[in-house]
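S.K.: One structure, pasted below without further comment.
The values are calculated or read from the model by the stated rules, or taken from the named source; none is laboratory data. None of these values were measured; they are calculated from a predicted model. Heads up, the Cβs are rebuilt from the backbone with ideal geometry, glycines too, and the neighbour counts pull from every protein chain shown. Surface areas here come from the heavy atoms of the whole protein model, side chains and all, with no ligands, DNA or RNA. Shrake-Rupley method; radii C 1.70, N 1.55, O 1.52, S 1.80 Å.
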Amino acid sequence: GGTATVEASRSRNAAVITFKNLTSPGRNEVYQLWTIPADGSAPVSAGMLTEQNISGAEPVVIENISGNKQAAVTLEPRGGSQSPTPPFAVTVPFQD
């Protein structure tokens, strides 16, 4: 459960994502954020979400969105992963 709101600016080459009320990950899991390149190349980790991000108290800022079509969130083992573990829990498109 939960929602995500994105504000993307191609001119500023950045996006701000606010998550609200995401279900807490399991005890040994974390939410990891990825950028998904438009050219079909491998997703790139944008870091792990904090409790403040999950609750909506603190938005996530993603810099350098040029060349990316969306952001996605996966549930990963504590410490994160080198590549995303399907399926994506959330996808957030970057629209012009």
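S.K.: Within region 66-96, which residues have the backbone N less than 14 Å from the label spot 7 Å out from R10 along Cα→beta-carbon, could you tell me?
M.R.: Under cut-off, by backbone N: 66-70, 94-96.
S.K.: Using a Gaussian network model of the chain with C-alpha springs under 10 Å, which one of G40, G56, G79 is most mobile by mean-square fluctuation?
M.R.: Judging by the Gaussian network model, the answer is G40.
S.K.: Continuing with this model, one more query. Give me the percent of accessible area attributable to carbon and sulfur for the chain, probe 1.4 angstrom.
M.R.: Taking all protein chains in place, the chain shows 48 percent carbon and sulfur surface.
S.K.: Which of the trypsin sites (Lys or Arg not before Pro) across region 13-96 are loop residues per DSSP, with 15 or fewer other Cβ within 10 Å?
M.R.: R27, R78
S.K.: Normalise the Debye intensity by I(0) for the chain, one equal point scatterer per Cα, no solvent, then take log10 at q = 0.13, 0.15, 0.17, 0.19 Å⁻¹ and round to two decimals.
M.R.: So the normalised log intensities work out to -0.39, -0.53, -0.68, -0.85.
S.K.: What percent does the relative contact order of the chain come to when contacts are Cα pairs within less than 8 Å and at least six residues apart?
M.R.: It rounds to 33 percent for the chain.
S.K.: What number comes out for accessible area per residue over the chain if the probe is 1.4 Å? Units Å², please.
M.R.: Heavy-atom accessible area per residue stands at 59 Å².
S.K.: Further question: For V90, enumerate residues with amide H under 5 Å from its amide H, sequence gap 5+ or separate chain, H modeled in the peptide plane.
M.R.: Residues meeting the amide H criterion: V73.
S.K.: Which residues in region 29-59 have a backbone N closer than 11 Å to a point placed 7 Å from the Cα of S83 along the Cα-to-Cβ line?
M.R.: Correct set: 42-43.
S.K.: With a point put 7 Å past each Cα toward its Cβ, work out how far T3 is from T23 in nm, to one decimal.
M.R.: Modelled inter-label distance: 1.9 nm.
S.K.: Mean residue ellipticity at 222 nm from the helices of the chain, using -39,500 (n - 2.57) per DSSP H segment of n ≥ 4 over the full residue count, to the nearest 500 deg cm²/dmol?
M.R.: After summing the helix terms and dividing by residue count, I get -1000 deg cm²/dmol.
S.K.: For the chain, give the magnitude of the charge dipole about the Cα centre (Cβ charges: +1 Lys/Arg, -1 Asp/Glu; no others), in debye to the nearest 20.
M.R.: 60
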